[in-house]
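The block underneath contains the structure these notes are about, expressed in structure tokens.
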Amino acid sequence: MAAVSGTAGRYRRPFLQLDRQTARKACLVQSIPVWDDPHNSDPAYTRSRLRHEGLPALEKCLGKGVVEALARTAQLSRDDADALDAWAADADRAVRDESGLLDCAKLYALPPAVRRRVLRRAVIAAGAPAGSLFARHIEEVDRLITGWRGQGAINLPGRVEARRQGGRLVVRQG
């Protein structure tokens with residue numbers, strides 16, 4: 001699981017690295033009103049239970065510093081994911097033929113993590129809703145590249161279909 005990104009499109013989160021107490025003190029010094037989101041302490045939400053019950057239990061069991069170590073690991077994972085996403089964006093252009101179809105041999109040559117990101121981008125671009133697309137969907141499409149045995153089209157969310165045709169991967173809404 002990766003950390004929340006400090007940037008997402010036009011949105012920036014400049015205070016993401018600040019802990020609650022530091023942010024609260026900075027606001028008070030600047031006479032900025034502080035508002036506490038009630039959802040942050042509502043046990044109905046998993047993230048709230050994790051913050052108020054799970055993380056303290058980990059610290060009690062494993063000792064101080066667990067939360068900080070998890071945060072560092074999450075940030076490293078975020079950095080890795082960002083690098084893989086950038087690599088996949090470049091690879092996406094490199095594996096397309098002149099008509100824009102994905103070349104299966106070029107896809108096969110990519111590292112699996114990059115290839116799966118390219119496939120996910122292609123499926124979403126064809127109209128599959130990102131929130132309905134799961135790892136199993138991308139794995140099925142990936143088998144059209146890595147385990148080709150003449151299988152038929154893969155039906156995906158959003159009425160998108162992926163099929164291998166003449167050494168190319170065709171991903172389109174059907």
task = Go through (1) hydroxyl-bearing (Ser, Thr, Tyr); (2) within 22 Å of Leu18 (Cβ to Cβ); (3) not assigned by TED's automatic domain parsing to the domain that holds Asp37 and name the single condition Ser99 misses.
result = (2)
Near pairs, Cβ below 7 angstrom, 6+ apart or cross-chain, from the stretch 2-31 (within 21 Å of Ala69 (Cα to Cα)) to any residue that is of a type in the set (Phe, Trp, Tyr) and loosely packed, with under 10 Cβ neighbours inside 10 Å = none
task = For the stretch 146-164, state whether one or more residues are closer than 21 Å to Trp87 by Cβ, modelled with pLDDT of 95 or more and not in a loop (DSSP other than H, G, I, E, B).
result = yes
Flag for Gly166 being under 30 Å from Gln17 (Cβ atoms) and surrounded by fewer than 12 Cβ atoms within 10 Å (Cβ to Cβ) = no
key: Residue check for Ser41: free of Cβ contacts under 8 Å to residues at least 60 places away in the same chain, under 28 Å from Glu53 (Cβ atoms), among the polar types (S, T, N, Q) and in the same structural domain as Val67 (by TED's automatic domain parsing)   = yes
query = So which residues in the stretch 108-128 are within 21 Å of Gly158 (Cβ to Cβ) and either assigned to a loop (DSSP other than H, G, I, E, B) or touching a residue at least 60 places away in the same chain (Cβ under 8 Å) (or both)?
reply = Ala126, Gly127, Ala128
note = Within the stretch 129-145, the count of residues that are part of a helix (DSSP H, G or I), surrounded by fewer than 19 Cβ atoms within 10 Å (Cβ to Cβ) and not aliphatic (A, V, I, L, M) comes to 6
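The values are calculated or read from the model by the stated rules, or taken from the named source; none is laboratory data. Everything numeric in this text was worked out from a predicted model, so none of it was measured. Virtual Cβ from ideal backbone geometry, glycine too; neighbours counted across all protein chains shown.
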